[in-house]
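Notes to accompany the following structure.
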Amino acid sequence: MKLLFLTGKFGMGHYSAAFSLAERVSRVNPEADIVIRDIFEYAMPYYSDKVYHAFGVMVTHCSGTYNKYYNHMERKGPDLKPVFLPWFLKKIKNLLEEEQPDAVISTLPLCSQIMSWYKAVTGSRMPLITCITDISSHSEWINGATDCYLVPDRMVRSKLTEKGVEETKIYVYGIPVRPEFDYGEERPEETDGKKHILIMGGGLGILPESNEFYEELNASGHIRVTVITGKNQEIYKKLHGKYENIDVIGYTNEVYRYMQEADVVISKPGGITLFETIHAGTPLLVFEPFLQQEINNTGFIVGRGIGMILEKNPMDCVREISKIVQDDTLLDTMKANVDRLKREYDQTVIGQVLALIEGPEGALCTG
């Protein structure tokens with residue numbers, strides 16, 4: 001069986017989800033032939049970096065405009081037609097002819113839209129599986145030719161059915177993360193008596209810039225801090241080696257280890273980070289969200305009791321962090337909620353979907 005994963009590097013969450021889901025598939029079926037393609041790198045190789053850079057600038061500096069566009073597209077309803085659709089249809093036709101996959105798995109709304117339109121135009125019965133990577137039922141994810149949805153939560157499943165998606169097409173799986181994030185029954189023991197905080201900036205490395213924030217954290221004698229700056233070299237240079245009680249890490253493939261060692265994670269509320277903390281068994285404190293997807297994710301975090309929203313003012317934020325990490329009852333409650341939530345996700349879903357792909361002809365096809 002050959003599977004083609006389609007994705008893109010918008011904030012890295014969609015891209016990361018594709019690789020994590022592919023790794024999960026490989027564990028279920030080691031014989032599966034897996035190909036992962038970035039749709040923009042394939043369709044417009046000379047311009048993809050510019051597209052991603054423009055997106056990063058927009059979400060960082062023009063979040064209000066982005067949110068207006070996001071909400072406008074929600075009101076337009078399902079089966080959205082991408083800009084430059086004819087160009088993308090030509091490119092997706094070439095890619096499918098090159099790879100000859102048995103199914104396509106998309107972790108990016110645009111890819112699902114392109115594949116759905118391709119199926120509608122050509123009459124193809126290629127199975128299309130869409131993996132939603134935020135706590136979202138946004139119309140951009142919903143397409144008539146999608147055969148199967150992997151969704152992050154039962155609430156999203158309910159919202160999709162309200163919008164007309166057949167419930168039999170929807171599988172609650174969570175958002176895929178690397179298997180390394182799954183902690184065992186025993187968590188690492190603390191050796192210095194201090195609470196350990198892990199601060200992350202997501203795929204774009206968006207972290208607090210206030211010197212006061214880091215100075216106050218560093219001065220807290222009961223807190224040990226690790227900051228992962230990712231690919232944000234500017235803030236890495238600003239913080240590295242400056243504070244006695246703050247370890248600064250650049251890009252790393254061992255985020256799972258730092259999460260599993262932490263008492264709490266502090267980060268932007270991206271979908272991937274959210275589910276990494278769930279799998280790692282660690283509560284999540286979030287900076288106030290400004291993108292609509294992150295606002296939705298934050299509602300989920302607070303509603304399920306697995307984390308809290310931090311104050312915007314740097315000094316108030318540090319005081320709140322200090323108060324939270326010293327409240328063992330609160331931490332234990334949030335950790336118990338995380339563990340309870342993780343048990344809701346059906347880890348057999350991947351096997352079920354693969355069985356449908358391999359089943360009788362048309363088993364996963366809608367037409």
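The values are calculated or read from the model by the stated rules, or taken from the named source; none is laboratory data. All of these numbers come straight from a predicted model, not from anything done at the bench. Neighbour counts run over all protein chains shown; Cβ positions are idealised from the backbone, glycine included. Surface accessibility is based on the protein's heavy atoms, side chains included, excluding ligands, DNA and RNA. Shrake-Rupley method; radii C 1.70, N 1.55, O 1.52, S 1.80 Å.
A few remarks follow.
- Condition broken by T252, with the remaining ones in (1) open to solvent by 20 Å² or more (accessible area, probe 1.4 Å); (2) farther than 25 Å from I306 by Cβ satisfied: (2)
- Filter result (under 13 Å from S220 (Cα atoms) and in contact with an Asp or Glu (Cβ under 7 Å, 6 or more places away or on another chain)) within segment 321-338: V325
- Close pairs from segment 229-255: first closer than 14 Å to P208 by Cα, partner open to solvent by 70 Å² or more (accessible area, probe 1.4 Å) and among the acidic types (D, E), Cβ under 8 Å, at least 6 apart: I235/E209
Here is a yes/no grid of residues against (1) out of contact with any Leu (no Cβ under 7 Å at 6 or more places or on another chain); (2) in contact (Cβ under 8 Å) with a residue 24 or more places away in the chain; (3) among the small types (G, A, S):
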| residue | (1), (2), (3) |
| --- | --- |
| A17 | yes, yes, yes |
| S20 | yes, yes, yes |
| A43 | yes, yes, yes |
| F55 | yes, yes, no |
| C62 | yes, no, no |
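- When residues of segment 345-359 are limited to those that are over 16 Å from A280 (Cβ atoms) and open to solvent by 50 Å² or more (accessible area, probe 1.4 Å), the one nearest to the chain's Cα centre (by Cα): D346
- Filter pass, H53 being open to solvent by 60 Å² or more (accessible area, probe 1.4 Å) and either at pLDDT 90 or above or not hydroxyl-bearing (S, T, Y) (or both): yes
- Hits in segment 111-167 - residues which are charged (D, E, K, R), open to solvent by less than 20 Å² (accessible area, probe 1.4 Å) and over 18 Å from the mean Cα position of the chain (by Cα): K119, D147
- Condition check for P283: at pLDDT 95 or above and farther than 20 Å from S136 by Cα: yes
- Of all residues making up segment 56-80, the number that are touching a Phe, Trp or Tyr at 6+ places or on another chain (Cβ under 7 Å) and open to solvent by 60 Å² or more (accessible area, probe 1.4 Å): 1
- Inter-residue pairs, beta-carbon under 8 Å, first without any contact (Cβ under 8 Å) to a residue 40 or more places away in the chain and in segment 261-275, second among the charged types (D, E, K, R) and outside any loop (DSSP other than H, G, I, E, B), 6+ apart: P269/E294
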